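Here is the structure we will look at.
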Amino acid sequence: MRDFNCPTCGQRLAFENSLCLSCGSALGFSLKDMALLVITDTDQAAHAGAVDEDKYRLCANLHVAQCNWLVRVGGDPLCASCALTRTRPADTDTSALAAFGEAEMAKRRLIAELHELRLPIVSRSQDPQFGLAFDLLSSASEQVMTGHQNGVITIDLAEGDDVHREQLRIAMDEPYRTLLGHFRHEIGHYYFYRLIAPSADYGERFHELFGDPDADYQAALDRHYADGAPAGWEDTYVSSYATMHPAEDWAETFAHYLHIRDTLDTAAAFGFARAGATFDRRVLGPSGFDTIIEMWLPLSWALNMVNRSMGHADLYPFVLPPAVLEKMRFVHTVIDEVTA
């Protein structure tokens, strides 16, 4: 995620800001500009970095989802990210609504990255049967299974609770578990469904690298939770969960590609990585993936060492063996080709 500044005073700001912490300017995030813009009156709207309040305002989910994205007055009251949410907790469920706000914050980061990568986002309003939609529900009041089906991504809002999530992470022997990670994993399933499954060429290469996507999923799930990951899995998979089924291997690999690209973009914005790491400078063609990895490996090592200096676990506690890099190269190739 790039570095943000207040257009009025230059104060450094975060992606989530809706108010400048220095000069008090009201701000909104423009997905089109990938920038925070000042919401001001008509007379001042011509100033650089300002939007006319008669034409733009903040998303209707400003309070319920802590959303700082801009929408056009007279148009959809929800921003491009919030409009993708099909189901959310009831207004009376205050506990679930707090978790909903955390989930929407993570989702906005996901949508911004997909926009930067130029990946297609086909909403349910565009494709009522198979378009992308999110059901954000809490398992505190009903049974909720995080997953993807026919374009609908379901996220258990309980994952926003640090204690609950950490207990699951330890119980499942995972080195990493976050809300944003869940969104990136599930969107990987969506893009398999959108980009890989309809393509004979991609389908053949997928089969070579990941295996048969039509293998019995329930049998694979039962086997995984009964027996765990096979011995030596670290040589060919990015995580133990990726060993369960080819579909999960793809989704895990896709999520890690997004982890790497966004972290590199952030590092470049703050001068920790070279300018070529930003989304503004596309890494194209077969050599593009090699460039990404050449930048990523020393950066992730350095970030891990910084975390250890603070007494924390590694920021990126994963190893990328050659077999995993080949799978990730395929992810890069698909994104490069479909967004050309």
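The values are calculated or read from the model by the stated rules, or taken from the named source; none is laboratory data. Since the structure is predicted, the reported quantities are computational estimates derived from the model, not experimental observations. We place every Cβ from the backbone using ideal geometry, glycine too, and count neighbours over all the protein chains shown.
Please go through region 98-143 and pick out each residue that is of a type in the set (S, T, N, Q) and outside any loop (DSSP other than H, G, I, E, B).
Listed by number, the list holds a single entry, Ser123.
Of the residues in region 64-87, how many are under 21 Å from Leu110 (Cβ atoms) and exposed (fewer than 13 other Cβ atoms within 10 Å of the Cβ)?
1
Mind telling me which of the residues Arg118, Arg109, Arg86 ends up being of a type in the set (Lys, Arg) and more than 17 Å from the chain's Cα centre (by Cα)?
Going through Arg118, Arg109, Arg86 in turn, the sole match is Arg86.
Would a scan of region 125-141 turn up a residue that is aromatic (Phe, Trp, Tyr) and surrounded by 19 or more Cβ atoms within 10 Å (Cβ to Cβ)?
Yes, the conditions are met somewhere in region 125-141.
Looking at region 315-328, can you tell me whether even one residue there is within 18 Å of Leu117 (Cα to Cα) and either assigned to a helix (DSSP H, G or I) or over 18 Å from the mean Cα position of the chain (by Cα) (or both)?
Yes.
Mind telling me which of the residues Ala96, Ala90 ends up being surrounded by fewer than 16 Cβ atoms within 10 Å (Cβ to Cβ), closer than 27 Å to Ser139 by Cβ and either of a type in the set (Asp, Glu) or modelled with pLDDT under 95 (or both)? Show your work before the answer.
Details: Ala96 fails: surrounded by fewer than 16 Cβ atoms within 10 Å (Cβ to Cβ).
Only one candidate qualifies: Ala90.
Here's the yes/no breakdown for (1) exposed (fewer than 13 other Cβ atoms within 10 Å of the Cβ); (2) modelled with pLDDT of 95 or more; (3) farther than 23 Å from Asp3 by Cβ:
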site	(1), (2), (3)
Ala268	no, no, no
Ala275	yes, no, no
Thr278	no, no, no
Pro286	yes, no, yes
Ser300	no, yes, no
Gly311	yes, yes, yes
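Taking the conditions exactly as written (in a helix (DSSP H, G or I) and of a type in the set (Phe, Trp, Tyr)), does Phe279 satisfy them or not?
On the way: in a helix (DSSP H, G or I): no; of a type in the set (Phe, Trp, Tyr): yes.
Here the answer is no, as Phe279 does not meet what is asked.
Looking at region 236-249, can you tell me whether even one residue there is free of Cβ contacts under 8 Å to residues at least 40 places away in the same chain, exposed (fewer than 15 other Cβ atoms within 10 Å of the Cβ) and in a loop (DSSP other than H, G, I, E, B)?
No: zero hits.
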